[in-house]
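Asks: If you scroll down you'll find the structure; I have some questions about it.
Quick note: the coordinates plus some simple rules give every number you see, no bench work behind them. Quick caveat, the model's predicted, so the values are computed rather than measured. In this analysis, Cβ positions are derived from the backbone assuming ideal geometry, glycine residues included, and neighbour counts consider all displayed protein chains.
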Amino acid sequence: MRDVLKLVTVLVLCAWATGAAQVEPPVGDSLPTAPAPPPPAPVTNLQAQDTENDHGHSITLTWDLSADDGAGQRSVVMYEVFRWFPHQMDVVDSLRDAISTAQENVRAFRSDLPRAEHALRELKDDPGKLDRLRFSVARPDDAAFVLTAEYAVRALEDTIAAMTEQGPIIASRIGPMKDQFYRALDQLREVHARFPENGGWRLLGQVGFGINRYENSGSKEKTAPDFYPDYTDLYYRVEAVTADPSVRSEAAQAGPVQSKGQWFHTGKKPVLLFVLIFFVLTVVFVRLAKKGTDLYVRPLSGIEAVDDAIGRATEMGRPILYILGLGTADQVATIASFNVLSRVAKRVAEYQTPIIVPCYEPIVMAVAQEVVKSAYLDAGRPDDYKEESVFYVTYYQFAYVAAVNGIMLREKPATNIYMGKFFAESLLLAETGSLAGSIQIAGTDEIAQIPFFIVACDYTLIGEELYAASAYLGREPILLGSLKAQDWAKAGIIMIALVGMISMIFNWPAFAELFQVVD
Amino acid sequence: MKQQIPRILVFIFGIFLIFQFFVPHESSEWVFEYLLDWNIIIGVFALAVGIWSLFKVHVEKIRTHKVGWQYSYITLGALLSMLIFGFTSRNGDEWGWFFVFWLSAVMVLLMIIQAMAAKGNTLMSVILAGAFAVIAVIIGAADNAWAFHFQTAEPLQATMFRRSFDFVLISIHATMFSLLAFFIASAAYRAFRARNVMATLLLLSALIVMSRFNPYLEPIFGEYLARTSNWLMNVPNLAAQRAIVMGVGLGIVATALKVILGIERGYMGKG
Amino acid sequence: MNIFDRLMQIDRRWVFLFLVILCVIAYVADFQIPILIEPEVESIFTFIDTLPKGSVVFIPMDYDPGSMAELHPMTYAIVEQCWRKEIKVLITALSQNGPGMADQALRDIADSMLVPKTYNGVSYPAREVVNGVDYVFLGYKPYPALVILAMGQDFRLPFPLDYYGTPVDSLPMMRGLHNYNDLACAINISGTNATDYWISYGQGRFGFPLAIGVTGVSTAQYYPYLGSGQIFGIMGGMLGGAEYEELADNPGNAKDAMRVQLFAHLVIIAFVIMGNIGFFATVRKRKRQQREGR
């Protein structure tokens, strides 16, 4: 009986255990868990707009900050910006990379092939040159490998064969790949318009909490990796993210939006206004001058000394040395110097004094030759003009100085005229001229060199006086008129500066902001 | 017509570039970039004009035996030599016939100079120039030890170019620039005299600024020198420089407008 | 001619000789002079020091071998600081004779990176600097104003190839680097008027942070731009280079040359004072003679 009871008990226990094993245990840790944090509030009022005052290829996103921005349990620490990219962009990117790699390979073959061939020839002539080859031989990735001349010859022959065979094949593939690439680019507008089909969202960037603006821009070059298409529907999303990146708000979406270039930069309005006002002033004063109005300009001793200096040179029977400076022909100081040269050359032609004009830049030389030739023509002495009096020296600063110093010490000119752009060589020229006993008149707009000329020369034109020099020498009404316009513009700037200073003292920045230029 | 066309071109391009500054659109950018490229190309052609002018002037100097005419040979020879060094590079460690090629090229140049500068019979110079040219061409074509490279930077690392640059050009430039120190000393000695009030102020300012960073004067004058010097640089100097810069800026705008409107025609050769 | 007349009319060759002798002595004697740091140099150092790894600094080296003595120390100090901090460097050389010199300087600095160093208490391990990864040298093109404007659109416009003939697009460092907007800053080191173009055409038009290193002679004319905020720092001449070396704790040629400069200044001051003593004595003598003549 006892045995039967034991058996029944064991059977019952087994049945119970088997039955209990069928029940799914409750899921979860043994410890109680905290509830999942709720997502933060999303951004609101997300706007995507074409960026202003640019050449296109840029969209600016703005939004109102999340209610949980930087505060509270669901504190937002950053915002992530996404843009929708069609899969077509992957095709474009891979084609671009393939073309770039192919082009690089072709270029490498072209420059490496002659060197490889030369290395092979050298090695065949003299195997001892293995260590001194100027071409690195491909070898296996084995630290124990020892390069021999025979191996190097075989490797070079294989390399040359591969380059010779593969080069043209790769080159021939570039054209079709480019066609495919441009066709894929042409389809971008169409595939973007099919949003949200055949594409996905990609992270563009992140901004920290408290920031409610993001600019997505790229290159206008189609071959650039970050090419950004204009006139194409684009879609953006912004998500607010907490310290745990998996806890984030719902995405706010904006789009479609298209980027395009603007035709007027509104931030540069003050500059345009000033240019127009100055233009009007110039036209007004030039008209006044043409009508015969007497326009007073203050005398400049440097300009008045030019005539005396030319007379001195004629009496002494020594030449005049005219230096146009080290500027290029497009610089205003050089243009002003051409005008002075024209007047000086005309006087020189009248007095039949030799003139020497060594030039630093070839274009300047070409223009100077024309200027001097015309001056001789105007003076009625075309036959006296010698082309070698205006010549090119060199485009190197100190070599030019050395040459000119040599001319000064050999020819001993009576007068040296320096008009134009000068740099470190100004004192070298002026001191040497002083040693040679010449009278010196200088004019430059290079502020750093003005002190050197003042110290070493007899007369100096400072800054804008150089630009006014041609008006002084010629006394033409038109040129005097533009000079007066300059003076009035300067007076205007002084008044505005004074008013601006007073307004800032009295804490009224609105006046200064009128003149702010935004790039 | 010769006068009209440049003025029209200057007007069109000048006005366009003024307005281009205010137009950020891609099409205006494209034209601007195109013009920039053209500007650089024109500059390069102008260099060729300049080299020709240099050649002519030196040949004339040799022909008329002006003072220092011998140095003209050196100038023109150096010009050709750097040209050759800048376009050639060794393929291996051997020089091969490179120096013979170089000498032949220099001899061609010398014979051409002789032919242009000679007053009498030039036939022998021309024949010799031709002969040396043939030698140079044969060596250039046949010698594999070196090669011409026109589109890569290999010659810039080549031995002859680097040595000429590092040991000749750099040294000469540094020497010429260092002359400035001596000229400044002699100019300062001559110019800084207390002739009147303004000259005295100039003298005192110069002495203070020069002594500014002298650490051995600091125990004597304390921070006075540094502070005064900073005040001189940041107040009167700044004020004067700003005034000059503004005046220069206005002058540049005025001159540019005059050139665009055709009032200023000095660049065409007519004052 | 009495002593005062002689003082007024010292032959300039005596001035030159005295200067040479003192400069040689100052150069040969081995001592350091303390360098006082100016805020305009410190601002450049601090800017670079606080840049994160991987930033790109643009260094246009627009100077010729003539200005090398004054400007090379700045280049060496800045480029080494950038490379030690793993900041990438983009270089151009918009002066004709500059590229070869710039190339040489980059190789020298790259060689010095192969040695571990400690600067300002921070140890930097040795590392190899790779062209195309840590730096790109674009080389030279003429007409700096045009090149600066073109680079504002894209570096590839004026420089489709770098100095060594490699297409710029194939260089890893240039990926994503198109124009000035992608740079942390530009530090123009120049002995020519290229600085004017950088300020007006570069910074003025494109608005990137710009600092300059210029020759001593040109320094004064750029202070207005510092005051207006168009540039954030100036290194002026040899002294600016010495100050930067002092800040970077990387003594070089500039600090050595400062003692020569100091003594040269003292010589000039001495001659100026002598000349003025002679001048005043001569003027007094003339006035006395005039009074006696009356």
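Asks: Kindly work out what percent of the DSSP beta bridges joining two residues of chain A are antiparallel, to the nearest 5.
Replies: Percent antiparallel among DSSP bridges in chain A is about 60.
Asks: A further question follows. What order, most packed first, do the peptides A:402-411, C:179-188 have when packing is the mean number of other Cβ atoms within 10 Å of each residue?
Replies: C:179-188, A:402-411
Asks: Here is a further query. Taking the Cβ of C:L138 as the center, what net charge do the other residues with Cβ under 15 Å away carry, scoring Lys and Arg +1 and Asp and Glu -1?
Replies: The answer is -4.
Asks: For B:W30, B:W95, what's the fewest-to-most ordering of other Cβ within 10 Å of each Cβ?
Replies: Lowest count first: B:W30, B:W95.
Asks: Taking the Cα centre of chain B as origin and charging only Cβ (+1 Lys, Arg; -1 Asp, Glu), how large is the dipole, in debye to the nearest 20?
Replies: 1460 debye
Asks: Express in % the proportion of alpha carbon pairs of segment B:69-191 at distances exceeding 21 Å.
Replies: 54 percent
Asks: Name the residue farthest towards the positive end of the dipole of segment C:35-250 from the options C:Y164, C:S190, C:N97, assuming +1 on Cβ of Lys and Arg, -1 on Cβ of Asp and Glu, about the Cα centre.
Replies: The listed residue farthest towards the positive side: C:Y164.
Asks: Then there's this: Would you please report the Å³ per residue occupied by the convex hull of the alpha carbon atoms in segment A:364-519?
Replies: Details: hull volume 28.2 nm³, N = 156.
That works out to 181 Å³ per residue.
Asks: Under 17 Å Cα to Cα from A:K178, which aspartates and glutamates show up? Leave out anything in the same chain fewer than 8 places away.
Replies: Partners found: A:D90, A:D93, A:D97, A:E104, A:D186, A:E221, C:D169.
Asks: I've got another one for you. Pairs of Cα atoms under 8 Å, at least six residues apart: use those to get the relative contact order of segment A:256-387, whole percent.
Replies: It rounds to 21 percent for segment A:256-387.
Asks: Looking at chain C, send over the antiparallel percent of its DSSP beta bridges, to the nearest 5.
Replies: 15 percent
Asks: Once you charge only the Cβ atoms, +1 for Lys and Arg and -1 for Asp and Glu, what is the size of the charge dipole of segment A:63-140 about its Cα centre, to the nearest 20 debye?
Replies: Value, rounded to 20: 660 debye.
Asks: Sticking with this structure for a sec: Pull up the DSSP beta bridges for segment C:40-152 and report the antiparallel fraction as a percent, rounded to 5.
Replies: That works out to approximately 25 percent antiparallel.
Asks: Follow-up question, since we're still on this one. Would you mind ranking C:R288, A:R318 by Cβ crowding within 10 Å, fewest neighbours first? Kindly include the intermediate steps, with their values, before the conclusion.
Replies: Numbers: C:R288 10, A:R318 19.
With the fewest neighbours first, C:R288, A:R318 line up as C:R288, A:R318.
Asks: Moving on. Let me confirm one metric for peptide C:166-177, namely the mean number of other chain beta-carbon atoms within 10 Å of its residues' beta-carbons. Walk me through the numbers before you get to the answer.
Replies: Values: counts 6, 4, 0, 8, 6, 0, 0, 0, 0, 3, 5, 0.
Rounded to a whole number, the mean comes out at 3.
Asks: May I pose another question? Mind checking B:45-53 for the average number of partner chain beta-carbons within 10 Å of each residue's beta-carbon?
Replies: 6
Asks: Additional query: With unit charges on the beta carbons (Lys and Arg positive, Asp and Glu negative) and the dipole taken about the Cα centre of the protein assembly as shown, which residue among B:F85, A:I277, A:V43 sits farthest to the positive side?
Replies: Towards the positive end, the residue furthest out is A:I277.
Asks: Still on this model: I'd like the mean, over residues of B:236-245, of how many other protein chain beta carbons sit within 10 Å of each residue's own Cβ.
Replies: Counting Cβ atoms of other protein chains within 10 Å of each residue's Cβ and averaging gives 5.
Asks: If every alpha-carbon in the protein assembly as shown counts as one equal scatterer, what log10 I(q)/I(0) does Debye give at q = 0.07 1/Å?
Replies: Taken in order of the listed q values, log10 I(q)/I(0) reads -0.80.
Asks: A follow-up question, please. Once every Cα of segment B:1-66 carries one equal point scatterer and solvent is ignored, give the base-10 log of I(q)/I(0) from the Debye formula at q = 0.13 Å⁻¹, two decimals.
Replies: -0.60
Asks: Summing +1 for each Lys or Arg and -1 for each Asp or Glu, what net charge is found among the other residues whose Cβ lies under 13 Å from the Cβ of A:Q103?
Replies: Neighbourhood net charge equals +2.
Asks: Using mean Cβ contacts within 10 Å as the protection proxy, how do A:444-454, A:149-159 order, highest first?
Replies: Working: A:444-454: 23.5, A:149-159: 15.9.
Result, highest mean first: A:444-454, A:149-159.
Asks: Taking just the C-alpha trace of segment A:91-189, give me its Rg and Dmax in Å.
Replies: Both quantities, over Cα of segment A:91-189: 18.4, 62 Å.
Asks: How high is the relative contact order of segment A:91-189, given as a whole-number percent (alpha carbon pairs under 8 Å, six or more residues apart)?
Replies: Relative contact order comes out at 45 percent.
Asks: Mind scanning A:K268/B:K2; A:K421/A:K490; A:K220/C:K85; A:K290/A:K346; C:K117/C:K255 and naming the pairs with a C-alpha gap bigger than 27 Å?
Replies: A:K268/B:K2; A:K220/C:K85, as the Cα separations exceed 27 Å there.
Asks: Projecting each Cα onto the charge dipole of the protein assembly as shown (Lys/Arg +1, Asp/Glu -1 at the beta carbon, about the Cα centre), which of B:V10, A:F506, C:F280 comes out farthest on the positive side?
Replies: C:F280
Asks: How large is the translational diffusion coefficient of segment A:53-126 in µm² per second when you combine the Kirkwood radius over alpha carbon pairs with Stokes-Einstein at 4 °C and 1.567 mPa s?
Replies: 69 µm²/s
Asks: For the peptides A:136-142, B:191-197, what is the packing order when you average, over each peptide's residues, the other Cβ atoms within 10 Å and list the highest mean first?
Replies: Ranked by mean Cβ neighbours within 10 Å, highest first: B:191-197, A:136-142.
Asks: Please report, in Å, the Rg and the Dmax of segment C:157-294, where both are computed over Cα atoms only.
Replies: Using the Cα atoms of segment C:157-294, the pair Rg, Dmax is 24.3, 88 Å.
Asks: Around B:F19, with a cut-off of 14 angstrom between Cβ atoms, what is the net charge of the other residues, counting Lys and Arg +1 and Asp and Glu -1?
Replies: That sum, taken over residues with Cβ under 14 Å, equals +1.
Asks: Rounded to the nearest 20 Debye, what is the dipole magnitude of segment B:1-66 about its Cα centre when Lys and Arg each give +1 and Asp and Glu each give -1 at the C-beta?
Replies: About 760 debye.
Asks: Using only the Cα atoms of chain A, each taken as one equal point scatterer with no solvent, compute I(q) by the Debye sum, divide by I(0), and report log10 of the ratio at q = 0.12 Å⁻¹.
Replies: Summing over Cα pairs of chain A leads to -1.05.
Asks: Further, regarding this structure: Can you compute the helix-only [θ] at 222 nm over the protein assembly as shown? Use -39500 (n - 2.57) per DSSP H run of at least 4 residues, normalise by all residues, nearest 500 deg cm²/dmol.
Replies: Computed ellipticity for the protein assembly as shown at 222 nm equals -18500 deg cm²/dmol.
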